[in-house]
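Working notes, beginning with the structure itself.
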Amino acid sequence: PPQMKLGAAILLLVAASAAANEPTIGLNLVSAHTSGGYNNLNPGIYVVKDNVSAGVYVNSVWRLTAHAEYHVPLTDNVSVFAGVATGYSYGVLTPIAGVSVKVGNVRAVMIPKTQKSAGVISFAWELR
C-alpha cells in the first residue's frame, strides 16, 4: 500500500538523517485520548533537527502514520507545532497542530480535540 511505501521511505530518511546530522532521536510510546475506542500503544521513531520533526508510528486507528512538523519554540522545552500526518481515515494528509513539552528525556505532545478527532496526549522517550 502507498502508506507502507511512504512509511518505509520516511524511516530510511530518518535513519540517514540521524547518521549524518546527529539530531534528536525519539521513540513514540503511548497515548491517551479524550474519548474511548482508540489505540493507545503507538510504537514509532522520529527525529528532530532545526525545529523540524519527522517520523513514523502506529497511530490511534491502528494504521501506519508518517508525519512531519515545524516547531516554534516558546521556551527551551516548550514549543507549538504544525504539520501533516498520513494514515487517518479522513484524508490522505491530515493537518495536525499542538504543543510539545520536553522534561528530561520524556516528550509529551498534546493535540486538541477537533470535529474529526479526539484530543490526545502522547508520550515519547528521546535518546538525545
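The values are calculated or read from the model by the stated rules, or taken from the named source; none is laboratory data. Predicted model only: the values in this text are computed from it and were never measured. Note that each Cβ is placed from the backbone with ideal geometry, even for glycine, and that neighbours are counted across all protein chains shown. Side chains are part of the model used for accessible areas, which takes the heavy atoms of the whole protein and leaves out ligands, DNA and RNA. Shrake-Rupley method; radii C 1.70, N 1.55, O 1.52, S 1.80 Å.
Some notes on this structure:
- Among the residues of region 49-60, none qualifies, meaning not one is surrounded by fewer than 18 Cβ atoms within 10 Å (Cβ to Cβ) and of a type in the set (Phe, Trp, Tyr).
- The lone criterion from (1) surrounded by fewer than 16 Cβ atoms within 10 Å (Cβ to Cβ); (2) of a type in the set (A, V, I, L, M, F, W, C); (3) at pLDDT below 95 left unmet by residue 106 is number (3).
- Candidate set: region 34-48, residues that are among the hydroxyl-bearing types (Ser, Thr, Tyr) and within 15 Å of residue 121 (Cα to Cα); chosen: the one most open to solvent (accessible area, probe 1.4 Å): 34
- Of the residues making up region 87-110, those that are out of contact with any Ser or Thr (no Cβ under 6 Å at 6 or more places or on another chain) and over 18 Å from residue 126 (Cβ atoms) are 89, 90, 91, 92, 93, 94, 95, 96, 97.
- Selection status of residue 80, over 14 Å from residue 126 (Cβ atoms), modelled with pLDDT of 95 or more and open to solvent by 40 Å² or more (accessible area, probe 1.4 Å): yes
- Close pairs from region 24-39: first within 11 Å of residue 118 (Cβ to Cβ) and of a type in the set (Phe, Trp, Tyr), partner modelled with pLDDT of 95 or more and crowded, with 17+ Cβ neighbours inside 10 Å, Cβ under 8 Å, at least 6 apart: 38/31; 38/120
- Among residues of region 93-105 that are hydrophobic (A, V, I, L, M, F, W, C), those with a Cβ under 7 angstrom from a residue that is open to solvent by 50 Å² or more (accessible area, probe 1.4 Å) and assigned to a loop (DSSP other than H, G, I, E, B), sequence gap 6+ or separate chain, pair up as 101/77; 103/77.
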